[in-house]
Amino acid sequence: MSREQREAIRQLRASSPLDLGGAVHEQRALFEQLLSHHPVPEDVIVTEAHYDTIPGLLVEPAEEPCAGTVLYFHGGAYVFGSARSSLGIVADLARRSQTRVITIDYRLAPEHPAPAATDDAVRAYRALIASGVDPQRVAVAGESAGGGVALGLLAALSAAGEPMPAAALLFSPWVDLTLSGDSMTVRAEADFIVNRTALERRVRDYLGDASTAEQHSPLFADLHGLPPTLIQVGSDEVLLDDSTRLAARLVAADVSVTLDVTAHATHVFQPFAASWDEADAAMTRAATFVRTMVKP
């Protein structure tokens, strides 16, 4: 990434009216508005669908046969976001990996506190498998809080002894609701998107009682039996240690994991693949991983 590219994206995000720690309903509208500018490629087809009773979007390449299915969980600090707000990154992943990608509208806090999001993820996954899809042709994926939802889903499947998907792809996952990583402090000045104060407010929204933060943090779950996992994260994130500690805990649980850290990158930088060289390269690596893992 050139210095000019970094500065351009820094100015874009620094000038954003979105306040991660702001009033929920106001910031939800801004979140949707800001993410709508990410283009959806013309060579994908988007269809509304339901999985169990959970609404979502099915995103498919228009021409090439699909190698498998990705079940995707959007970001938004557990209180913002939607299937539609994730369309930019989801469509790009579908096109590059030649897979169908399902992105769902899991329930949001504070109206639906934990564990509603994870419960919805489990229901959607079970519905997908019940429809006849082979778990070994499925990957789960998510960005930020959606990465936490994806990891929570995997931990729940493991605990229940249910069939695992073939792989997991996590973009800048937020998996520690105790906010105990050193990068919360060390990267505070470098990260112009996410900050501790905002995350603390969102934890209160998501949990109600912050004393249960460790209980609801998938970082501290039993991770044995999880599928091969690719974690992508930027070096300038306050959530960097969520990824580094998760990678270490997966290794300790004998799970195959790749930690892919992009220097000087910010939180969930992949949607800027059209303008950032490193984001483009990261999306290519992510798509290659997914396609390789879910191929027949």
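Derivation of every value follows stated rules applied to the coordinates shown; laboratory data play no part. Everything quoted here is computed from the prediction, not taken from an experiment. Here Cβ is always computed from backbone atoms with ideal geometry, including for glycine, and neighbour counts include all displayed protein chains.
Report the antiparallel proportion of the DSSP beta bridges in the range 3-294 as a percent, rounded to a multiple of 5.
Values: 12 of 37 bridges.
Among the beta bridges of the range 3-294, antiparallel pairing accounts for roughly 30 percent.
Which one, Y51, Y206, Y78, has the greatest fluctuation when you compute a Gaussian network model over the chain with C-alpha springs under 10 angstrom? Largest GNM mean-square fluctuation: Y51.
Shown for I193, I54, I102: other C-beta atoms within 10 Å of each C-beta, ranked fewest to most, produce the order I54, I193, I102. Among D105, D242, D254, the residue with the largest mean-square fluctuation in a Gaussian network model of the chain, with springs joining Cα atoms closer than 10 Å, is D254. Compactness of the range 47-198 was expressed as the Cα radius of gyration divided by 2.2 N^0.38 Å, which yields 1.05.
Near E237, no amide H atom lies under 5 Å from its own; only residues 5 or more places off or on other chains count, and H is placed 1.01 Å from N. By the helix-only formula, in which each DSSP H run with n ≥ 4 contributes -39500 (n - 2.57) and the sum is divided by residues, the chain has a 222 nm mean residue ellipticity of -12000 deg cm²/dmol.
In plain terms, the residue of D120, D191 with the fewest other Cβ atoms within 10 Å comes first and the most crowded comes last, giving D191, D120. In this structure, the amide hydrogen of I45, modeled 1.01 Å from its nitrogen in the peptide plane, lies closer than 5 angstrom to those of E60, A62, counting only residues at least 5 positions away or on a different chain.
The convex hull of the Cα atoms of the range 121-212, projected and averaged over all directions, covers 7.1 nm². The share of alpha-carbon pairs in the range 213-294 lying farther apart than 15 Å comes to 61%. Using a cutoff of 8 angstrom between alpha carbon atoms and counting only pairs six or more residues apart, the relative contact order for the chain works out to 19 percent.
The ellipsoid equivalent to the alpha-carbon distribution of the range 71-117 has semi-axes of 24, 10, 6 angstrom, derived from the gyration tensor eigenvalues as √(5λ) and listed largest first. Coordinate range of the alpha-carbon atoms in the range 233-275 per principal axis, descending: 37, 20, 13 Å.
For the range 29-131, state which GluC sites (Glu not before Pro) are in a DSSP loop and have at most 16 other beta carbons lying within 10 Å of their beta carbon.
On the way: sites: E32, E42, E48, E63, E111; in loops: E42, E63, E111.
Hits after loop and neighbour filter: E42, E63, E111.
Any idea what % of Cα-Cα pairs in the chain are farther than 36 Å? Looking at the chain, the distances longer than 36 Å represent 7 percent of pairs.
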